[in-house]
Amino acid sequence: MAEVRHLSISIQRPWQTAYEYAANPANLPKWATGLGSAIRKIGSAWEADSPMGRVRIRFAAPNGFGILDHDVVLESGETVYNPMRVIPNGGAAEVVFTLFRRPAMSEAQFAADGEWIAKDLRKLKAILEG
């Protein structure tokens with residue numbers, strides 16, 4: 001069983017607004033810097049030049065449940081599963097990202113990954129509340 005961290009942030013916007021923005025792959029470079037500064041659609045797939053190298057990203061189908069799960073396929077072929085949810089909280093939203101520690105990841109790398117994701121969630125909040 002992998003070690004797990006749940007990172008979350010409250011966003012003072014309706015959950016559907018937060019979901020629609022975060023679910024649009026074209027918006028990722030604006031807030032999800034861990035996936036890179038640019039993303040492009042190639043056929044039915046998405047590709048980005050990320051801090052981890054060139055990655056392919058597969059997204060959950062659009063849905064009415066706030067599910068933003070996505071797989072990131074690294075150049076090595078390793079697939080990293082990233083569960084993510086936008087959850088209604090009154091008239092606002094909770095965005096929750098589950099970070100799994102990969103087998104070869106050091107404690108320092110796991111902590112740095114968590115800090116990067118937390119920074120990206122803060123950026124998402126700033127954009128949506130701005």
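Values quoted throughout were computed directly from the atomic coordinates according to the rules given, and no laboratory measurement underlies them. All values derive from a computational prediction rather than experimental measurement. In this analysis, Cβ positions are derived from the backbone assuming ideal geometry, glycine residues included, and neighbour counts consider all displayed protein chains.
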Residues other than P25 with Cβ under 15 Å of its Cβ, Lys/Arg counted +1 and Asp/Glu -1, net out at -1
Residue-averaged 222 nm ellipticity for the chain, from DSSP H runs of 4+ at -39500 (n - 2.57), nearest 500 | -8500 deg cm²/dmol
Using a basic spin-label model with each label point 7 Å from the Cα along Cα→Cβ, how many nm lie between E94 and K123?
-> 2.5
Hey, in the GNM for the chain with a 10 angstrom Cα cutoff, which one of G53, G36, G64 fluctuates hardest?
-> G64
In order through segment 54-61: 3J(HN,Hα) via Karplus (6.51 cos²θ - 1.76 cosθ + 1.60), integer Hz, x for Gly, Pro | 6, 10, 9, 10, 10, 9, 4, 4
Based on the mean of other beta carbon atoms within 10 Å per residue, what is the order of 10-23, 37-50, 112-125, most packed first?
-> 10-23, 112-125, 37-50
In nanometres, the difference between 0.36 nm per residue of separation and the alpha-carbon distance of R58 and K30 is 8.3 nm
Correct option for Rg and Dmax of the Cα atoms in Å [calculated from the coordinates] among (1) 14.5, 50; (2) 16.6, 50; (3) 14.2, 42 = (3)
